[in-house]
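Following: one structure in structure tokens, then a few remarks.
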There are 2 protein chains.
Amino acid sequence: MKEGIIMKKINELKEYVRNIDRLEYTYNLVSYDNMIFMPKKALEQRSEVLGYLSTEIFKLRTSDKIKEFIDYFDPIMDTLNDLDKAIIKNIKKNYNQIKNIPEDKYREFMMSAPISEAAWEEAKEKNDFSIYEPHLEKMVKFSREFAEYYGYEDNKYDALLNIYEPGMTVKKLDKIFGELRDGILEILEYIQKSNKFIKRDLLKGKFSIEKQRELSKELLKLIKFDMKAGRLDESMHPFTTNFWNKDVRVTTHYYEEDLMSNIFSVIHEGGHGLYEQHIADELVGTGLGTGVSMGIHESQSRFYENIVGRSNEFLSVILSLIKNKFPEFKDVNLDEFYEAVNYVEPSLIRTEADELTYSLHIIIRYEIEKLLINGEIEVKDLPKIWNEKYVEYLGVEPKNDSEGVLQDVHWSDGSFGYFPSYALGNLYGGQLLSALLKENENAIIDLKNGNISFIDEWLKEKIHKYGCIYEPEELIINATGEKLLTKYYLEYLKKKYMKIY
Amino acid sequence: MKEGIIMKKINELKEYVRNIDRLEYTYNLVSYDNMIFMPKKALEQRSEVLGYLSTEIFKLRTSDKIKEFIDYFDPIMDTLNDLDKAIIKNIKKNYNQIKNIPEDKYREFMMSAPISEAAWEEAKEKNDFSIYEPHLEKMVKFSREFAEYYGYEDNKYDALLNIYEPGMTVKKLDKIFGELRDGILEILEYIQKSNKFIKRDLLKGKFSIEKQRELSKELLKLIKFDMKAGRLDESMHPFTTNFWNKDVRVTTHYYEEDLMSNIFSVIHEGGHGLYEQHIADELVGTGLGTGVSMGIHESQSRFYENIVGRSNEFLSVILSLIKNKFPEFKDVNLDEFYEAVNYVEPSLIRTEADELTYSLHIIIRYEIEKLLINGEIEVKDLPKIWNEKYVEYLGVEPKNDSEGVLQDVHWSDGSFGYFPSYALGNLYGGQLLSALLKENENAIIDLKNGNISFIDEWLKEKIHKYGCIYEPEELIINATGEKLLTKYYLEYLKKKYMKIY
């Protein structure tokens, strides 16, 4: 009898949570349309509708009803099965995170974000930080306030980190990123002393956009992205989004003079896309049916982009696809192609960075965000500190803000705490590679024949299918037997670059 | 003091109605994505989300809160301004229409419709009515039940007509369509007796899709469709949808062997699109910010497609646009082009029908729907009665159901009562033309120079900008000084075809 009552309550909860998920599906789809298809003049009306939808979601997430569910299940959690437990833990986490934010404040934030994003775009185009400055100040103010609402134990920035990487803290990250930075700088020093000359001219040419579009589809097919449960669209900045697990959309960009940019964008976004497509059907609509954190998400995209995509083995397949379309490449041999693609050079723009120095770009942003959120620096200080850090870490100095502090969209909508995900993704990826090779030492070698099935299955079974059931740390321990350690990724990098240089 | 309280209540009502409108905006956008962009495997999950959204809208439209608003304002309607009055009349109309439908029934209907539509598509492709039959039976059952829920005075079918054309009844339509049918048949008889030979070969060729796409954009620009507040996409069946007045989307289809199909589809949908783009900003979000009825909507699309688009004057502009792109047309002269485009021949497929016989296709559907909804025939009888009526009215007989009863999508989602809109649109259009020419006898002649400004402004001022403020009959009286009469359209047809034949 008692059990019957609990079951009824659980079903009631599930229906409630499913409605939230349906609204989020909707919100994400409307946002996607915003970014890809919407005509210009619709911006204001569209922002109103998105503001409405996000407020409705907010209301459902913070309602008395949710509080009632939490209070009801809290004392009987032990009697529930794993899935139900995870569903409740998840709504509780969301509830506790945002319950203190006043609805009006939240709506104001949601309405300001797209306007700030538009200001960033204009500022970047005109190379004028001052256009962006007042909007960014507003976003920083929101983020500092929200951090207080979210709550934290140690460092205010922890509250924001926790949104993108549940369980992550400044204390942990300082250690992890310290090791990562030192390890990368050591390899970089080795490379800069090397006499190795790498030809890069062979990547140059003029590449028809139409053929690049075809190539993108071939690449997605190669990594087993399901086009019947997804789409490929175009946007200035590539990204991935999903509406549950059967409609996963990746975007890319095309440059006539740069064939590689699209290739690795597509594989990167495809990696995000596979994660979402592989999530178990039973998690759809439960609040758990999506990637668990941005760090784990980036581990998948960067695994595909770099560990798979920039491997000698997989590049042999890519090269033959390229040769089929672009006769300019007919005399390029695999080794020189591999080296050209993996050429290392400290540079200014994160999204164009090589695999090795990429994480340094992230660490710079991490250090700046930490200072900014804790009020140790202000928005007006950003251009200066940005340039100083680029000189310090990468030995290069932006000539203007467009190639400096204005290069990324992330801060414009208040996504402070997001950047660390990229470097965490690299680290998770290295550790996953090590575990995966222990089970099948040929997993990478087999890529030579385009055979990616083992990797596809392994990542699906160890990571993807679980959605948000496990927190990142638990997920990584289950998959690799250990907490996140920096050594695996650094070993991977060392081995790779020692061989090339 | 009293006024202050009423004002507060009105603002409360407006916010409530705006939320409904925001959800409808969302629903329409998600549906559009469904039709244009969605990957195949997403269908089931997407249907769930659409079902959810439509149920939420349904709940808001039939809530106790709405009832409370209606009861509050009913006794004091006289004290309100016109806009507020119209807002309340509109929610009341919606409430009374659907309040009796049980929520579960409504949800079941909304979930069944896309499945039925998919079955129709398969049936049409395979030319097998039996695939569609059980689904169509379900839709007919829903529609008959809904007609009872909606309520009617005279004829059950009136309840459905009223959804698409407020105020329309079988009694009125029998008269109107009777006159229309007789008038058309008279002209048709004249044509069939004529010895006039019209060359049609000149329209044939192979036309690059890419160039057709460019042409479509030029045509939309020509009729002043604002591409910054709209888009052009592609779908098998062209249609128009809008998300308020700043994001209006029209679709078309391209056939390499048929240049005309796209041209008139684009102009037709562009006419729908202009209506929505011209609606006054102050009506957005009030429930009144969209076209008032499908009949008035079709009057705009068919006005642009036929009265403008197939006029000798406008065709001269179209022909020169065509000549710029397709050298095959370089020797075609305007008069032979005009005649070829306006060639009359009774045929099987509604969407390919000429301007004259088009309405006969509609009258056939009207007569069948009337019988079906009133239970005088059943779904199984449809193929036979369809073919009989085509022989009777048009003198042609479908060889199979794909070119017969399976040709239209409309019944598959239960849109019974919609078809008459097309013929009503023709009639409204003829009456508007007559009124417009009284104000400016050169309105059509000026099209020769691509000058469409007078028509654009006139329709905007007389029809478009009012959205749903006036019911169709009131709107037409305001615009033309008279209730809908068949004589204007029939005069237009007679004049046109007597001259050609």
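So how strong a dipole does the protein assembly as shown carry about its Cα centre when Lys and Arg Cβ are +1 and Asp and Glu Cβ are -1, to the nearest 20 debye?
Values: 136 positive and 174 negative charges, 71 e Å.
The calculation lands at about 340 debye.
Roll a 1.4 Å probe over the protein chains and send me the accessible area per residue for chain A in Å².
Values: 21000 Å² over 501 residues.
For chain A, the per-residue accessible area is 42 Å².
Going by average Cβ neighbours within 10 Å, how do the peptides B:266-277, A:77-88 rank, with the highest at the top?
Values: B:266-277: 27.2, A:77-88: 14.8.
Order by mean packing, descending: B:266-277, A:77-88.
Counting only protein heavy atoms and rolling a 1.4 Å probe, how much accessible area do B and A lose on contact, total for both sides, in Å² to 100? Spell out each step's value before the answer.
Numbers: alone 22550 and 22550 Å², together 42000 Å².
Using a 1.4 Å probe, the pair buries roughly 3100 Å².
What are the lysines whose alpha-carbon lies under 20 Å from the alpha-carbon of A:LYS399, with same-chain residues fewer than 8 places away excluded?
Cross-link targets: A:LYS124, A:LYS126, A:LYS380, A:LYS384, A:LYS389.
Can you order the peptides A:5-13, B:346-354 by their average number of other Cβ atoms within 10 Å per residue, highest first?
Values: A:5-13: 13.9, B:346-354: 16.2.
Listed from highest to lowest mean packing, they are B:346-354, A:5-13.
First select every other residue whose beta carbon is under 12 angstrom from the beta carbon of B:GLY309; then total the charges, Lys and Arg +1, Asp and Glu -1. Provide the component values of the computation, followed by the final result.
Working: positive: B:ARG302, B:ARG310; negative: B:GLU269, B:GLU305, B:GLU313, B:GLU355.
Result for the neighbourhood of B:GLY309: -2.
Checking the a/c ratio against 1.5 first, then a/b against b/c, what shape does the Cα gyration tensor give for the protein assembly as shown?
prolate
Any chance you could run the full-extension gain for B:GLU491 through B:ILE70? It's 0.36 nm times the residue separation minus the Cα-Cα distance, nm to one decimal. Walk me through the numbers before you get to the answer.
On the way: separation 421, 0.36 × 421 = 151.56 nm, distance 4.44 nm.
Between B:GLU491 and B:ILE70, full extension yields 147.1 nm more.
As I understand it, the value is the acute angle between the Cα axis of helix B:64-73 and the longest principal axis of the Cα atoms of chain B; what does it come to in degrees, rounded to 10?
90 degrees
Roughly what % antiparallel, to the nearest 5, for the DSSP beta bridges in chain A?
Values: 4 of 9 bridges.
Just about 45 percent of them are antiparallel.
Suppose R0 equals 45 Å. What FRET efficiency, 1/(1 + (r/R0)^6) with r the Cβ-Cβ distance, do A:GLU103 and B:ASP233 give to the nearest 0.05? Let's see the in-between values first.
Working: r = 36 Å, r/R0 = 0.81.
After rounding, the FRET efficiency stands at 0.80.
Mind giving me the FRET efficiency for B:ASP281 and A:PHE454? R0 is 41 Å, r the Cβ-Cβ distance, nearest 0.05 is fine. Before the final figure, lay out each step's value.
On the way: r = 58 Å, r/R0 = 1.42.
About 0.10, to the nearest 0.05.
Quick one: if you stick a label point 7 Å off each Cα along the C-beta vector at A:GLU461 and A:LYS175, how many nm between them?
3.2 nm
Within 10 Å of each Cβ in peptide B:27-35, how many partner chain Cβ atoms are there on average? Round it to a whole number, please. Please list the in-between numbers first.
Working: counts 1, 0, 9, 6, 0, 2, 7, 2, 0.
The shielding value for this peptide is 3.
With each run of n ≥ 4 DSSP H residues scored as -39500 (n - 2.57), what mean residue ellipticity at 222 nm is computed for chain B after dividing by its residue count and rounding to the nearest 500 deg cm²/dmol? Write down the numbers at each step before the final one.
Values: 19 runs with 306 residues, N = 501.
Value at 222 nm, helices only: -20500 deg cm²/dmol.
Could you work out how far apart the two model spin labels at A:GLU210 and B:ASP82 are, taking each label as a point 7 Å from the Cα in the direction of the beta carbon, and quote it in nm?
5.4 nm
Let me check against my output: what whole-number percent is the relative contact order of region B:1-152, with C-alpha pairs under 8 Å and at least 6 apart?
About 23 percent, as a whole number.
If I model a spin label as a point 7 Å beyond the Cα along the Cα-Cβ vector, how far apart are those points for A:LYS399 and B:ILE385 in nm?
Those two pseudo-labels are separated by 7.7 nm.
Take the alpha carbon gyration tensor of chain A, find the square roots of its eigenvalues, order them as a ≥ b ≥ c, and report rounded if a/c is under 1.5; if not, report prolate when a/b exceeds b/c, else oblate. Before the final figure, lay out the partial values.
Working: a/c = 1.56, a/b = 1.32, b/c = 1.19.
Prolate, because a/c is 1.5 or more and a/b exceeds b/c.
Ignore the peptide's own chain and count Cβ atoms of other chains within 10 Å of each Cβ in A:36-44; give me the average, rounded. Before the final figure, lay out the partial values.
Details: counts 1, 9, 6, 11, 6, 10, 10, 2, 2.
Average neighbour count from other chains, rounded to a whole number: 6.
Assuming R0 = 35 Å, can you tell me the calculated FRET efficiency for the pair A:GLU257 and A:LYS59, based on Cβ-Cβ distance, to the nearest 0.05? Display every interim value, and only then the final one.
On the way: r = 49 Å, r/R0 = 1.39.
Working from the Cβ atoms, E equals 0.10.
Please compute, for peptide A:173-179, the average count of beta-carbon atoms on other protein chains lying within 10 Å of each residue's beta-carbon. Let's see the in-between values first.
Details: counts 0, 0, 0, 0, 0, 0, 0.
Across A:173-179, the average partner-chain Cβ count within 10 Å equals 0.
Shape of region A:1-152 from its Cα gyration tensor (a ≥ b ≥ c, root eigenvalues): rounded if a/c is under 1.5, otherwise prolate when a/b > b/c, or oblate? Walk me through the numbers on the way to the answer.
On the way: a/c = 3.29, a/b = 2.08, b/c = 1.58.
Note, shape of region A:1-152 comes out prolate.
Can you give the charge dipole size of chain A about its Cα centre, rounded to the nearest 20 debye, using +1 on the beta carbon of Lys and Arg and -1 on the beta carbon of Asp and Glu?
So the dipole magnitude of chain A works out to roughly 740 debye.
Remind me, relative contact order of chain B in percent, using alpha carbon pairs under 8 angstrom and six or more residues apart?
Working: 693 pairs, mean separation 97.8, N = 501.
Relative contact order, chain B: 20 percent.
Which residues, if any, in region B:46-67 lose at least 30 square angstrom of accessible heavy-atom surface (probe 1.4 Å) when the other protein chains sit next to their chain rather than the chain being alone?
SASA drop of 30 Å² or more in region B:46-67: B:ARG46, B:GLU48, B:VAL49, B:TYR52.
Report the extension gain between A:ASP182 and A:ASN333 in nm, rounded to one decimal, defined as 0.36 nm multiplied by the number of residues separating them, less their alpha carbon distance.
Answer, rounded to one decimal: 51.0 nm.
Please compare each pair in A:LYS99/A:LYS483; A:LYS8/A:LYS228; B:LYS85/B:LYS465; A:LYS40/B:LYS221; A:LYS89/A:LYS465 to a cut-off of 25 Å on the Cα-Cα distance and tell me which ones are over it. Each step should come with its number before you reach the end.
Details: A:LYS99/A:LYS483 31 Å; A:LYS8/A:LYS228 36 Å; B:LYS85/B:LYS465 17 Å; A:LYS40/B:LYS221 16 Å; A:LYS89/A:LYS465 18 Å.
Too far apart for the 25 Å limit: A:LYS99/A:LYS483; A:LYS8/A:LYS228.
Each residue of region B:165-172 in order: what ³J(HN,Hα) in whole Hz does its phi give by Karplus 6.51 cos²θ - 1.76 cosθ + 1.60, θ = phi - 60°, with x for Gly and Pro?
Once rounded to whole Hz, the list reads 9, x, x, 7, 9, 4, 4, 5.
What does the extension gain come out to for B:PHE197 and B:LEU371, with contour length at 0.36 nm per residue minus their alpha carbon separation? Spell out each step's value before the answer.
On the way: separation 174, 0.36 × 174 = 62.64 nm, distance 3.95 nm.
Going from the current span to full extension adds 58.7 nm.
Please report the antiparallel percentage of DSSP beta bridges with both residues in the protein assembly as shown, rounded to the nearest 5. Write down the numbers at each step before the final one.
Details: 8 of 18 bridges.
Of all bridge pairs located within the protein assembly as shown, approximately 45 percent are antiparallel.
Looking at region A:215-245, which residues lose a minimum of 50 Å² of accessible area between their chain alone and all protein chains in place, measuring with a 1.4 Å probe and not counting ligands or nucleic acids?
A:LYS228
Find out how many positive minus negative residues lie around B:VAL379, taking Lys and Arg as positive, Asp and Glu as negative, among other residues whose Cβ is under 11 Å from that of B:VAL379. Present the calculation step by step, with values, prior to reporting the outcome.
Values: positive: B:LYS138, B:LYS141, B:LYS380; negative: B:GLU133, B:GLU137, B:GLU378, B:ASP381.
Here the count lands on -1.
Counting only protein heavy atoms and using a 1.4 Å probe, what share of the accessible area of region A:1-152 belongs to carbon plus sulfur, as a whole percent? Before the final figure, lay out each step's value.
Working: 3770 of 7470 Å².
Accessible surface attributable to carbon and sulfur in region A:1-152 totals 50 percent.
The values are calculated or read from the model by the stated rules, or taken from the named source; none is laboratory data. The structure presented is a predicted model; accordingly, all values stated were derived computationally and were not measured. Don't worry about glycine lacking a Cβ; one is built from the backbone with ideal geometry, like all the others, and counts go over all protein chains shown. When the accessible area is computed, the model is the full protein with side chains, heavy atoms only, and any ligands, DNA or RNA have been set aside. Shrake-Rupley method; radii C 1.70, N 1.55, O 1.52, S 1.80 Å.
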